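The values are calculated or read from the model by the stated rules, or taken from the named source; none is laboratory data. Predicted model, so just to flag it, every value in this text is computed and none were measured. Ideal geometry is used to build each Cβ from the backbone, glycine not excepted, and the neighbour counts take in all protein chains shown. The protein model used for the area step is the full one, side chains on, heavy atoms only, and it has no ligands, DNA or RNA in it. Shrake-Rupley method; radii C 1.70, N 1.55, O 1.52, S 1.80 Å.
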Amino acid sequence: MTISSKINIKNRRASFEYHLLERFEAGVRLLGTEIKSIRQGKANINDSFCSFIDGELYIRNMHIAEYSHGSFYNHEAKRNRKLLLHKREIKKLETKLQERGFTIIPLRIFINNRGFAKIEIALAQGKKLYDKREAIKERDNKRELARFLK
């Protein structure tokens, strides 16, 4: 039995705000009502970030709406959720995070072909204001070129 899912919740501002250096795919430790809400597409990762707590990587400030059919077993909307990675990946991220200017941000939430929720995270470095202006200028040029070619 294959589970085909079209859930793909993205953090659209991530590539505008940060230089994405390296990407990782991480599992997430979720409760039952959380995965049901994600499958309904009711999650938001725009303001979320990742941090280390006692040597383990957690995603913080990720909003997963309460499940509509959940009773008193429902989850908190914004709780810290543990990310599941290999030890070597965790060590690599932890050493990079010690350096100045690096952060770990989530890029998207998706359901893999086995039905598990995964988060694509990236090691990122914040962009300067002139880099953001350059990205806006480049996007406008592409839009003008596409309009001209039609």
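A few points about this structure:
- Probe 1.4 Å, protein heavy atoms only - accessible area per residue of the chain in square angstrom: 68
- Taking a Cβ cut-off of under 12 Å around Ala135, the surrounding Lys, Arg, Asp and Glu residues balance to a net charge of +3, with basic ones at +1 and acidic ones at -1.
- The range 77-140 shape via C-alpha gyration tensor axes, a/c threshold 1.5: oblate
- Taking the C-alpha atoms only, the angle from helix 129-149 to the longest principal axis of the chain is near 80 degrees.
- In this structure, the pairs whose alpha-carbon distance is over 32 Å, taken from Lys36/Lys150; Lys10/Lys91; Lys36/Lys87, are Lys36/Lys150.
- Calculated SAXS-style log₁₀ I(q)/I(0) at q = 0.19, 0.22, 0.25, 0.27 Å⁻¹ - the range 37-117, Debye, Cα scatterers: -0.93, -1.14, -1.30, -1.38
- Rg and Dmax [Cα atoms of the chain; Å; Rg one decimal, Dmax integer]: 17.6, 57
- Using C-alpha pairs under 8 Å with a sequence gap of at least 6, the mean separation divided by the residue count of the chain gives a relative contact order of 33 percent.
- FRET efficiency, 1/(1 + (r/R0)^6) with R0 25 Å, evaluated for Lys82 and Asp47 via beta carbons: 0.85
- Computed from the C-beta positions of Tyr73 and Glu99, the FRET efficiency with R₀ = 41 Å rounds to 0.50.
- Bridging of Lys42 to aspartates and glutamates at a Cα separation below 13 Å is possible for Glu34, Glu66, once same-chain residues fewer than 8 apart are set aside.
- Whole-percent carbon and sulfur share, accessible surface of the range 51-150, 1.4 Å: 49
- Cross-link partners of Lys128 among lysines (Cα-Cα below 18 Å; sequence separation of 8 or more within a chain): Lys137
- The chain: angle of helix 87-98 to the longest principal axis, Cα-based, in degrees nearest 10: 50
- Between Lys91 and Phe148, the simple label model (points 7 Å from Cα in the Cβ direction) yields a spacing of 5.3 nm.
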